[in-house]
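J.: Here it is, the structure in full.
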Amino acid sequence: MKAKSRKQTGEDASSFQSSTLAPVQRQTLEFLRKFLAEKAYAPSLKDIAEFIGVKSASTAHFHLERLEQKGFIRRGVDGMLELLDRVTPELGPTAVPLVGVIAAGRPIEAVEQSATIDIPPNMINGRGEVYCLEVSGNSMIDEHICDRDIVVIKKQENAEDGQIVVALLEDGSATLKRYRRLKNGSVMLIPANPTMQPITVDKVTIQGRLIGVIRELH
């Protein structure tokens with residue numbers, strides 16, 4: 001397996017070491033290990049979805065794809081699933097929560113679990129509470145935020161026009177977009193991709209603003 005490195009962009013950048021798995025993927029991997037050990041066959045997408053607490057089998061499929069892309073499992077066309085040996089790097093003293101997956105595309109189910117990821121100290125110092133999310137989708141591609149990037153978020157409940165924010169919609173889905181307050185009081189969440197349309201909503205909950213991006217280079 002080829003070695004991988006990560007490139008940082010955003011407000012700050014320096015060398016770092018991180019876990020490669022989003023928290024829900026760690027949870028899925030541990031479920032696969034236990035299920036295979038006990039039953040000797042792979043669980044269904046429904047089994048996985050129920051275990052990680054989501055309704056959609058497509059969400060479970062998404063996380064299986066991530067595990068396969070990152071070299072933790074191998075899947076066959078006949079439904080075969082094999083666990084691969086992979087060592088996850090140790091985390092250092094600047095670990096912050098890696099709380100799930102955020103959509104940079106159409107909003108998806110908000111998935112929040114508990115894990116940590118190492119980031120440079122200067123991304124933390126003086127910024128208050130900081131957490132990370134794994135990006136799914138390419139709606140922010142023109143801001144150099146790509147699918148599978150890790151975004152570093154400063155937790156806050158308010159946003160100013162022009163900031164890139166984590167927005168929680170009323171249906172429980174979460175998305176990463178540029179924030180704009182309209183004159184009529186509504187909020188426009190603007191993608192950075194000319195092929196996608198803004199989302200306009202009457203009410204949105206701000207969960208933080210973007211302060212950095214961490215990218216895996218293949």
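The values are calculated or read from the model by the stated rules, or taken from the named source; none is laboratory data. What you see is a predicted model; the values in this text were computed from it and never measured. FYI the Cβ positions are ideal-geometry reconstructions off the backbone, even for glycines, and counts take in every protein chain you see.
J.: Residues of the stretch 53-79 being over 21 Å from the mean Cα position of the chain (by Cα) and either of a type in the set (Gly, Ala, Ser) or not assigned by TED's automatic domain parsing to the domain that holds residue 29 (or both), which ones?
T.: Passing the criteria: 76, 79.
J.: Please specify each residue of the stretch 172-197 satisfying the condition of being modelled with pLDDT under 95, within 24 Å of residue 97 (Cβ to Cβ) and either of a type outside the set (A, V, I, L, M, F, W, C) or touching a Cys at 6+ places or on another chain (Cβ under 6 Å) (or both).
T.: 172, 173, 175
J.: So which of 195, 200 ends up being hydroxyl-bearing (Ser, Thr, Tyr) and either assigned to a strand (DSSP E or B) or surrounded by 16 or more Cβ atoms within 10 Å (Cβ to Cβ) (or both)?
T.: Answer to the selection: 200.
J.: If you don't mind, there's one more thing I want to ask. Give, as residue ranges, the strands (runs of 3 or more DSSP E) completely inside the stretch 16-117 that count at least 1 residues that are at pLDDT 85 or above.
T.: It comes to 73-75, 81-83.
J.: Out of the residues in the stretch 117-169 that are surrounded by fewer than 23 Cβ atoms within 10 Å (Cβ to Cβ) and touching a Pro at 6+ places or on another chain (Cβ under 7 Å), which is nearest to residue 187 (Cα to Cα)?
T.: Among them, the one singled out is 169.
J.: Residues being farther than 21 Å from residue 120 by Cα and either at pLDDT below 90 or more than 14 Å from the chain's Cα centre (by Cα) (or both): count how many of those fall in the stretch 151-167.
T.: Summing the residues that are farther than 21 Å from residue 120 by Cα and either at pLDDT below 90 or more than 14 Å from the chain's Cα centre (by Cα) (or both) in the stretch 151-167 gives 7.
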